[in-house]
Amino acid sequence: MLFRSALTRAAALTVAAVLGTTALSACGGTEQATVDNPYHLLQPGVLRAGTLTDAPPNVYLKDGKFTGFDNDLLTAAAAKIGLKVEFVGTDFSALLSQVATGKFDIGSSSITITEARKKTVDFGNGYDFGYFGLDVPTGSTITGFDQLKGKRVVVVQGTVQDDYATKEGLDPVRVPDYNGAINQLKARTADAWISPAEIGDKSAADSGGKITVAAKQLSPAPTAYAFAHDSDALREALNKALDEVIADGTWKRLQDQYYPGRPIPADFKPGSGTVTTS
């Protein structure tokens with residue numbers, strides 16, 4: 001009996017030692033994973049960003065490379081915290097839900113901050129302002145946003161332009177991407193397209209004279225990168241990095257490169273608002 005009790009105690013001690021070692025290893029593994037991937041990215045060291053392929057000069061694909069103001073700014077900010085960016089093309093209508101469900105670490109697509117969108121994602125600090133553009137087929141008599149009642153107005157689904165058209169009671173025609181809107185104007189199956197102004201300008205310039213910019217008006221809120229609700233560490237780190245690329249002149253250089261001659265509203269302060277643009 002004594003021998004059996006000794007064996008039982010020895011076995012119990014062995015099991016306890018193994019469990020203790022396993023627990024320590026697990027804790028150590030978790031701590032190491034946090035060190036290796038402090039922002040809990042899909043892939044350590046790589047920021048997987050959902051973006052669009054067809055919205056120049058903001059976000060687009062050129063010669064097989066994702067570029068544009070938003071994407072180039074994100075690449076510069078990510079480098080400040082030691083991250084490389086992997087861009088993946090998607091539709092804007094799906095982008096926010098894809099960020100929220102973890103398909104992407106971040107959304108980059110001139111996303112205007114709205115209260116409705118905050119229910120799906122969190123936003124970083126605003127990095128750009130924007131205007132609504134009103135694009136029409138060349139020769140149209142439409143010259144302003146106040147002339148759209150009863151007209152066939154096209155918008156990209158899920159955008160702030162979609163929100164605006166809906167609030168104005170325009171019953172807009174929704175398309176999945178910017179090419180869809182441009183093609184409707186060229187074919188004259190739409191009377192007008194409410195666009196992000198910079199994209200509308202570029203689309204008109206590239207239309208071979210088929211599209212004209214009729215009017216513009218300032219968008220009601222800044223644009224920002226989108227994050228999942230549980231990505232506080234990543235969001236805060238990129239907010240800080242954004243201030244750094246504003247302070248070192250990168251933000252201003254990209255503004256001049258992609259929006260030459262565009263005036264910056266006097267009351268607009270990019271990032272946290274605590275740094276001066278160089």
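The values are calculated or read from the model by the stated rules, or taken from the named source; none is laboratory data. Only a predicted model underlies this, so the values are computations on that prediction, with no experimental measurement involved. Please note: Cβ atoms are built from the backbone with ideal geometry, for glycine as well, and neighbour counts cover all protein chains shown. SASA here: full protein model, heavy atoms, side chains in, ligands and nucleic acids out. Shrake-Rupley method; radii C 1.70, N 1.55, O 1.52, S 1.80 Å.
Listed values, structure above:
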| quantity | calculated |
| --- | --- |
| Accessible carbon and sulfur surface of segment 201-278 relative to its total accessible area, %, 1.4 Å | 52 |
| Interchain or long-range residues, amide H under 5 Å from residue 47's placed H | 84, 85, 86 |
| Cα centroid separation, segment 244-278 to segment 165-199 (Å) | 29 |
| Positive-pole candidate from 260, 52, 126, dipole of the chain, charges at beta carbon | 52 |
| Kirkwood-based Rg to Rh ratio, segment 58-120, C-alpha trace | 0.96 |
| ³J(HN,Hα), Karplus 6.51/-1.76/1.60, whole Hz, each residue of segment 210-227, x for Gly, Pro | 8, 10, 10, 8, 8, 6, 9, 8, 5, 5, x, 8, x, 9, 7, 7, 9, 10 |
| On Cα atoms only, tilt of 232-247 relative to the major axis of the chain in degrees | 50 |
| Student exercise, segment 139-278 dipole from Lys, Arg, Asp, Glu Cβ charges, in Debye to nearest 20 | 600 |
| Filter on 240/269; 151/216; 202/269; 186/216; 119/149; 65/202 - keep pairs with C-alpha separation over 22 Å | 202/269; 119/149 |
| Normalised per residue, the volume of the convex hull around the Cα set of the chain (Å³) | 169 |
| Sites residue 63 and residue 97, calculated FRET efficiency, Cβ-Cβ separation with R0 35 Å, nearest 0.05 | 0.75 |
| In degrees, nearest ten, helix 2-36 long axis to first principal axis of the chain (Cα) | 20 |
| 1.4 Å probe accessible area per residue over the chain, in Å² | 49 |
| Percent antiparallel among DSSP beta bridges (both partners in the chain, rounded to 5) | 65 |
| Order by protection proxy (mean Cβ within 10 Å, highest first), peptides 257-268, 190-201, 57-68 | 190-201, 57-68, 257-268 |
| Selection from 172, 208, 193 lying farthest towards where the dipole of segment 169-214 points positive, charges on Cβ | 208 |
| Dipole magnitude of the chain, debye to nearest 20 (Cβ charges: Lys/Arg +1, Asp/Glu -1, about Cα centre) | 420 |
